[in-house]
């Protein structure tokens, strides 16, 4: 669906996100069944508690609470003094109890901000079972729906933002930054293709400051889908308003193949779920639990993504390189190790190392030998072409950088007397009035690429005086 850009300009988009992330605790939220997202056999990590058998009593997973409290500190939120778990009542085949244990009035975290977006709350709940509809592949054909309860009861963090996002790009940026933060904190794996992180967008369109009718879009399992669904819904709602129709408050799904949203059901309100405190679970007073102590939680926080950006920016490398190292921590670690070996400053060596890491490295490499290559380039012992060849060999075969350079005749000739002899040979063979760069090129060619261009430049300058 496409509408004129001029019409989009008269309307304001408002988006709030609800993001769920499965926490990577060893066991589920209220029982000791294994929390294993990689399990392929259906219905093996289950027990009477997560299956909702009569008489089975839940026990709170303390580690899951610690993970959410650490996230709350990281985003500058207010950690609650008191919390409780509630029963969210609704019927669907993927919740065997007929209700989901969640948090309603007393979330673990209130407020906070990430990537310029204000956060409303962060709370804990249990995940539902995985539904499989109409499966057909080389091994299996199922016309009906099946349920795998391995995921039922897995600790699920839900983060809700304020309705302050104004574009699809901003929404995707926030989701990416949250995913990155969860990885840095080590509290979730957040593989979206596995459903370990799911995004829902509450979208409204209006003229002026008043919010429009809110439509919730589910099934957004990639950042690309987040952007596409929000753009589509923005245009769909504008089209309705332009033709005099009303936007209906509802829940819609996202069809990736058709690239459009579709109606699922009318949107429920909180009172439809008949929340009430779960009578089987104790109330929690945060200050009474030693593991929840503020100092303990603060000391457990690692360097956070925005702190990493600030630290790397001081090294004088480009913003593009900074972002590579922040979003791909394995390369960031390699770069920082190299910086330490090269002197840890904003020197040319650091910039040179960053350029080679981001352009030449395809796999990890011995950082000491990589740093040696960078030093050899800076000293003029090898050329850029030679450096690339050495790095290629180091990645494929390993070895010692200097030995590789010598064995493969990659060491540059920097001895002025030797270079003068080659220059004199070239001047005998070529027109001495030819352009200097051409003559330098011929010297390099005669030396099989080993002549140091900088020293050649100096030699020719002396000859031209």
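Quick notes
- Residues that are more than 14 Å from residue 216 (Cα to Cα) and either exposed (fewer than 15 other Cβ atoms within 10 Å of the Cβ) or not assigned by TED's automatic domain parsing to the domain that holds residue 166 (or both), drawn from segment 241-254: 242, 243, 244, 245, 246
- Of all residues in segment 338-358, those that are on the phi > 0 side of the Ramachandran plot have Cβ atoms under 7 Å from Cβ atoms of residues that are surrounded by 15 or more Cβ atoms within 10 Å (Cβ to Cβ), 6 or more apart or on another chain, in 343/349.
- Residues that are in the same structural domain as residue 179 (by TED's automatic domain parsing) and surrounded by 15 or more Cβ atoms within 10 Å (Cβ to Cβ) do occur in segment 285-296, at least one of them.
- On the stretch given as segment 327-368, residues that are exposed (fewer than 14 other Cβ atoms within 10 Å of the Cβ), within 29 Å of residue 454 (Cα to Cα) and under 22 Å from the mean Cα position of the chain (by Cα) total 1.
- When we screen 126, 177 for residues that are farther than 30 Å from residue 236 by Cβ, in contact (Cβ under 8 Å) with a residue 40 or more places away in the chain and in contact with a strand residue (DSSP E or B) (Cβ under 8 Å, 6 or more places away or on another chain), the only hit is 126.
- Matching strands (runs of 3 or more DSSP E) fully within segment 1-103 where at least 2 residues are without any contact (Cβ under 8 Å) to a residue 40 or more places away in the chain and assigned by TED's automatic domain parsing to the domain that holds residue 113: 99-102
- Pair list, Cβ < 8 Å and 6+ apart or interchain, from segment 423-434 residues that are farther than 20 Å from residue 454 by Cα to residues that are surrounded by 13 or more Cβ atoms within 10 Å (Cβ to Cβ): 429/442; 430/439; 430/442
- The single condition among (1) in contact with a helix residue (DSSP H, G or I) (Cβ under 6 Å, 6 or more places away or on another chain); (2) under 30 Å from residue 339 (Cα atoms); (3) surrounded by fewer than 14 Cβ atoms within 10 Å (Cβ to Cβ) that residue 436 does not meet is (2).
- Residue selected from segment 403-421 under the condition surrounded by fewer than 18 Cβ atoms within 10 Å (Cβ to Cβ) and part of a helix (DSSP H, G or I), by the criterion nearest to the chain's Cα centre (by Cα): 403
- When residues of segment 91-102 are limited to those that are more than 31 Å from the chain's Cα centre (by Cα) and farther than 15 Å from residue 278 by Cβ, the one surrounded by the most Cβ atoms within 10 Å (Cβ to Cβ): 96
- Filter result (at positive phi and either within 29 Å of the chain's Cα centre (by Cα) or surrounded by 19 or more Cβ atoms within 10 Å (Cβ to Cβ) (or both)) within segment 24-79: 76
- Top-ranked residue in segment 255-264 [being closer than 26 Å to residue 207 by Cβ and in contact with a helix residue (DSSP H, G or I) (Cβ under 7 Å, 6 or more places away or on another chain); ranked as surrounded by the most Cβ atoms within 10 Å (Cβ to Cβ)]: 261
- Within segment 300-309, restricting attention to residues that are within 19 Å of the chain's Cα centre (by Cα) and surrounded by 13 or more Cβ atoms within 10 Å (Cβ to Cβ), the residue that is farthest from residue 176 (Cα to Cα) is 301.
- Any chance residue 334 is at pLDDT below 95, in contact with a helix residue (DSSP H, G or I) (Cβ under 7 Å, 6 or more places away or on another chain) and either in a strand (DSSP E or B) or over 28 Å from residue 64 (Cβ atoms) (or both): no
- Residue 377 modelled with pLDDT under 95, touching a helix residue (DSSP H, G or I) at 6+ places or on another chain (Cβ under 6 Å) and either in a helix (DSSP H, G or I) or not assigned by TED's automatic domain parsing to the domain that holds residue 460 (or both): yes
- Where a residue in segment 445-465 is under 20 Å from residue 379 (Cβ atoms) and its partner, wherever it lies, is outside any helix (DSSP H, G or I), with Cβ under 6 Å and at least six apart: 447/413; 450/412; 450/413; 451/413; 452/380; 452/412; 452/414; 455/414
- Of note, residue 371 does not satisfy the criterion of being assigned by TED's automatic domain parsing to the domain that holds residue 319, surrounded by fewer than 19 Cβ atoms within 10 Å (Cβ to Cβ) and either assigned to a helix (DSSP H, G or I) or touching a residue at least 24 places away in the same chain (Cβ under 8 Å) (or both).
- Yes/no for residue 247 being in contact with a helix residue (DSSP H, G or I) (Cβ under 6 Å, 6 or more places away or on another chain) and over 30 Å from residue 194 (Cα atoms): yes
- Residue in segment 150-169 that is farther than 27 Å from residue 215 by Cβ, in contact with a strand residue (DSSP E or B) (Cβ under 7 Å, 6 or more places away or on another chain), at pLDDT 95 or above and not in a loop (DSSP other than H, G, I, E, B) present: yes
- Any hit, segment 115-132, residues being loosely packed, with under 15 Cβ neighbours inside 10 Å, under 30 Å from residue 40 (Cα atoms) and at pLDDT below 90: yes
The values are calculated or read from the model by the stated rules, or taken from the named source; none is laboratory data. Predicted, not measured: the structure shown is a model, and the values here were computed from it. Neighbour counts are summed over all protein chains in view; Cβ atoms, including those assigned to glycine, are modelled from backbone coordinates with ideal geometry.
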